[in-house]
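Participant: Take a look at this one; I'll ask things after.
Bear in mind these aren't lab numbers, they're just calculated from the coordinates by the rules spelled out. Worth saying up front: this structure is predicted, and the values here are computed from it rather than measured. So basically every Cβ, Gly included, is an ideal-geometry build from the backbone, and we count neighbours across all protein chains shown.
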Amino acid sequence: MQLNAAIDEFILYIQIEKNYSSHTIASYEYDLNQFFAFLRDHDCSMELAFVTKIQVRRFIQHLLGTHKQKPRSMNRKISCLKSFTKYCIQEKYLMHDFMSGIETPKSDYKLPVYMTLNDIKQLFRSLEHDHSRFSRRNEAMFKLLATTGMRRSELVSLTWEQLDFSNHTIRIYGKGKKERLLPLHSNLIPILKVYRDLLEGYQTYRTEPVFRNKDGKTLDPRGLHLIFKSALRKADLPPSRFSLHHLRHTFATLMLQENKENVDLRTLQELLGHESITSTEVYTHVEFEQKKKAIDSFNIL
């Protein structure tokens, strides 16, 4: 079987049978096509059965060396290739696993970047005092992200039927189309209603997107990113320091830092929609921050 045909079958499988998100599908397709292009450009066989472990290792070396690929991105590509070979063996397209024994590069561990409580309050004050054309939309968007820990992909795909103002809840469709029901902060309800009342009637129909761009179309993640950078500048916060994903880190960090008596890691895992508690445990760096405060305030020296 030709490698490109197997890739097409695999992408169809994760799209139809596994019901992966469009973002995940696009990432897998990009990674596999990149591997395919590497083999083609190096005059390797395009037959799936002739792909070897040595070629995979050279592909990894090529990306880490020539393209200066970061270990975290490389790990994603390796994980993608492992899922691909597992599928091919399952479907009997492949008799040997050319990914067997391939290990992921060691990643440099970094603590998540997040905004302090003062930073987020500064951003909120700026949003509240802004009276430009899309100010109420922006206030609703970024306060929703900061108080729910939603991913930006979850926000741009949000429709009005996912918001229940009567019960103060929001239904979020996360990775793999998995649903989670979260409570909405009581102070956020009037902000969302003010924003909704500024829209045309048809724009608030239950299947319509909650947030739109300047042309009235659904926001895309890149557009949301640019709006956030602009909001940071208006709030006198460095746009080079923070990204949209840092709002998610901020939500998780401040939730543990400021509300520790009501939140444990399991609760935070449910709020963030993490499949594994391991992903949530990165936020235990908050414990270190609290220990540092305790040491610094210890008047012994």
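Participant: I need the peptides 140-149, 119-128, 64-73, 242-251 ranked by packing, meaning the mean over residues of other C-beta atoms within 10 angstrom, with the highest value on top. Display every interim value, and only then the final one.
Facilitator: Numbers: 140-149: 22.4, 119-128: 17.1, 64-73: 12.2, 242-251: 20.1.
The most tightly packed comes first, giving 140-149, 242-251, 119-128, 64-73.
Participant: Using 0.36 nm times the number of residues separating residue 229 and residue 9, minus their current alpha carbon distance, what extension gain do you get?
Facilitator: Stretched out fully, the residue 229 to residue 9 stretch lengthens by 75.3 nm.
Participant: So if I place +1 on the C-beta of Lys and Arg and -1 on the C-beta of Asp and Glu, and nothing else carries charge, what would the dipole magnitude of the chain be about its Cα centre? I want it in debye, nearest 20. It would help to have the intermediate numbers written out before the result.
Facilitator: Details: 45 positive and 35 negative charges, 133 e Å.
Magnitude of the dipole: close to 640 debye.
Participant: Follow-up question, since we're still on this one. Å³ per residue of the Cα convex hull, for the range 179-241?
Facilitator: On the way: hull volume 9.7 nm³, N = 63.
So the per-residue Cα hull volume is 154 Å³.
Participant: Are any of the pairs 121/143; 68/229; 214/234 more than 21 Å apart by Cα-Cα distance, and if so, which?
Facilitator: Values: 121/143 10 Å; 68/229 26 Å; 214/234 19 Å.
Long pairs (Cα-Cα over 21 Å): 68/229.
Participant: Quick one: angle between helix 188-197 and the longest Cα principal axis of the chain, in degrees between 0 and 90, rounded to 10, please.
Facilitator: It works out to around 90 degrees.
Participant: Something else about it: Rounded to the nearest 0.05, what FRET efficiency is calculated for residue 218 and residue 89 with R0 set to 35 Å and r the Cβ-Cβ distance? Walk me through the numbers before you get to the answer.
Facilitator: On the way: r = 39 Å, r/R0 = 1.11.
That pair, residue 218 with residue 89, gives E of 0.35.
Participant: Say each of residue 207 and residue 33 gets a label point 7 Å from the Cα, pointing the same way as Cα to Cβ; how far apart are those two points in nm?
Facilitator: If labels sit at residue 207 and residue 33, their model points lie 2.9 nm apart.
Participant: Another one. Run the Debye formula on the Cα coordinates of the chain, all scatterers equal and no solvent, and tell me log10 I(q)/I(0) at q = 0.07, 0.15 1/Å.
Facilitator: Reported log10 I(q)/I(0), two decimals: -0.36, -1.22.
Participant: Does anyone have the angle between helix 285-296 and the longest principal axis of the chain? Alpha-carbon axes, 0 to 90°, nearest 10?
Facilitator: For helix 285-296, the angle is close to 50 degrees.
Participant: While we're looking at this one, here's another question. How big is the range 130-212 in terms of Cα radius of gyration and Dmax, in angstroms?
Facilitator: When restricted to the Cα atoms of the range 130-212, Rg and Dmax are 12.1, 38 Å.
Participant: How far, in degrees from 0 to 90, does helix 117-129 lean away from the longest principal axis of the Cα atoms of the chain, to the nearest 10?
Facilitator: Approximately 70 degrees, to the nearest 10.
Participant: Would you compute, for the Cα atoms of the range 3-90, the largest minus smallest coordinate along each principal axis and list the three values in descending order, in whole Å?
Facilitator: Principal extents (Cα only, largest first): 35, 28, 18 Å.
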